[in-house]
Amino acid sequence: MTRSFTSRRPYWTRHTAHAQTTMAPRTSIDELKELLESSTRILALCGAGLSAASGLPTFRGAGGLWRNHEPTSLATPDAFEDDPVLVSLFYAWRKHMALKAQPNAGHFALAELAKRREGFLCLTQNVDGLSPRAGHPAAQLRHLHGSILDVKCFEECGYTEQNNLSDPPCPALAAAAADYPPDLTLPLLDPNVPTPEIDVEDLPHCPNCKNGLLRPGVVWFGEALDELMLMEVDNWIARGKIDLMLVIGTAAAVYPAAGYTRKAQRRGAVVAVVNPDADSAEGLMRNDFFLQGGAAEILPRLFEGVIGKMDADGKIVGA
Ligand SMILES: [Zn+2]
């Protein structure tokens with residue numbers, strides 16, 4: 001499976017009859033709480049909306065550009081090959097933003113649910129590393145698109161590093177990790193200011209083959225997702241009935257992630273979408289759920305019966 005640009009139309013509208021898609025899903029948080037509390041096997045699929053309350057840009061929609069570049073056009077192996085300095089600056093800036101951000105109550109709530117429900121597996125498309133920082137047990141978390149804190153050799157000599165916290169990744173990329181007051185624009189983000197002149201030789205190189213440049217350990221468009229990880233997820237799904245599938249902060253419209261909702265449905269799962277965007281409810285069936293709102297606000301309330309009361313900072317304050 002490779003990561004690709006696909007229709008943003010929810011997958012289920014392509015498979016279900018019109019009569020079914022027009023049925024409104026349930027919207028009661030109390031009903032969903034009851035279902036969640038009685039669920040043994042729960043699968044979650046998280047997207048950029050989960051990290052929105054942590055202040056990280058989602059790029060999708062709102063015409064979000066980075067220095068006049070479509071961010072997705074920088075997230076390809078070809079872009080790195082053509083302009084490794086520009087793509088390295090882009091990722092060094094994103095890494096800096098991710099490290100500066102704090103996990104929000106949504107990340108903490110999912111982490112607590114995982115600690116209390118052995119049968120809960122969380123798939124995230126986010127590369128920001130906020131779920132592990134919220135204490136989400138690694139065994140119950142899969143990063144479908146890798147992590148911005150991982151590093152690997154562009155020449156594919158096999159060299160990888162996990163949880164590399166260097167910020168900036170090297171002195172030459174310092175412009176990407178500069179902190180400016182909120183009322184000033186970071187020069188790097190101003191398309192009218194030329195990017196700093198950086199020699200490719202000064203970018204981080206692979207300590208193993210000494211030849212390749214180091215690149216972020218994320219899945220770029222056109223690249224394959226990790227096969228072993230995909231197999232593990234499929235094995236988990238095949239293990240038995242799934243009671244509930246949570247789709248959090250994503251329209252679930254981008255394959256292959258979208259396919260997981262379909263697979264969970266085949267295992268009997270009720271689908272619950274948590275999203276501020278009403279369009280993300282499109283295609284849900286009468287037995288499914290749609291809770292309109294942000295993950296940081298809704299998840300702590302939704303999981304309360306399992307994890308206890310949580311304050312706005314994500315700390316458990318009572319059972
Ligand atoms: Zn190498």
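Computed from the coordinates by the stated procedures, all read-outs in this text should not be read as laboratory data. Every value quoted in this text rests on a predicted model; they were computed, and no experiment measured them. With ideal geometry, Cβ positions are generated from the backbone for all residues, glycine too; neighbour counts draw on all protein chains shown.
Values as computed for the structure displayed
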quantity	calculated
Percent antiparallel among DSSP beta bridges (both partners in the chain, rounded to 5)	35 percent
Under Karplus coefficients 6.51, -1.76 and 1.60, residue-wise ³J(HN,Hα) of the stretch 227-243 in Hz, glycine/proline x	5, 5, 4, 4, 5, 4, 5, 4, 4, 4, 5, 6, 5, x, 5, 10, 7
Prolate/oblate/rounded call for the stretch 135-291, Cα gyration tensor, a/c under 1.5 rounded	oblate
Neighbour-count order for R67, R266, fewest beta carbons within 10 angstrom listed first	R266, R67
Antiparallel %, DSSP beta bridges [both residues in the stretch 207-319], to 5	20 percent
Fewest-first ranking of S166, S147, S51, S39, using other Cβ atoms within 10 Å as the exposure measure	S166, S39, S147, S51
Hz values of 3J(HN,Hα) by residue in the stretch 294-305 - Karplus curve (6.51, -1.76, 1.60), Gly and Pro given as x	x, 4, 5, 8, 7, 4, x, 5, 5, 8, 3, x
Burial ordering of H143, H205, H69, H107, fewest other beta-carbon atoms within 10 Å first	H69, H205, H143, H107
For the stretch 196-239 versus the stretch 70-99, the gap between their alpha-carbon centres in whole angstrom	13 Å
Cysteines, the chain, no other Cys beta-carbon under 4.7 Å	C46, C122, C170
Gaussian network model of the chain, springs between alpha carbon atoms under 10 Å - residue of V270, V233, V193 with greatest fluctuation	V193
Table column - 3J(HN,Hα) (Hz), the stretch 177-194, Karplus curve with 6.51, -1.76, 1.60, x for Gly and Pro	10, 7, 9, 10, x, x, 8, 10, 8, 4, x, 4, 8, 8, x, 7, 9, x
Whole-number percent relative contact order across the chain, with pairs defined as alpha carbons under 8 Å at least 6 apart	31 percent
Formal net charge of residues neighbouring Y159 (Cβ-Cβ distance under 14 Å; K, R +1; D, E -1)	-1
Cα gyration tensor category, rounded, prolate or oblate, for the stretch 89-185 with a/c compared to 1.5	oblate
Magnitude of the charge dipole, the stretch 213-319, Cβ model with Lys/Arg +1 and Asp/Glu -1, debye to 20	380 debye
If the convex hull is drawn through the Cα atoms of the chain, its volume per residue in Å³	135 Å³
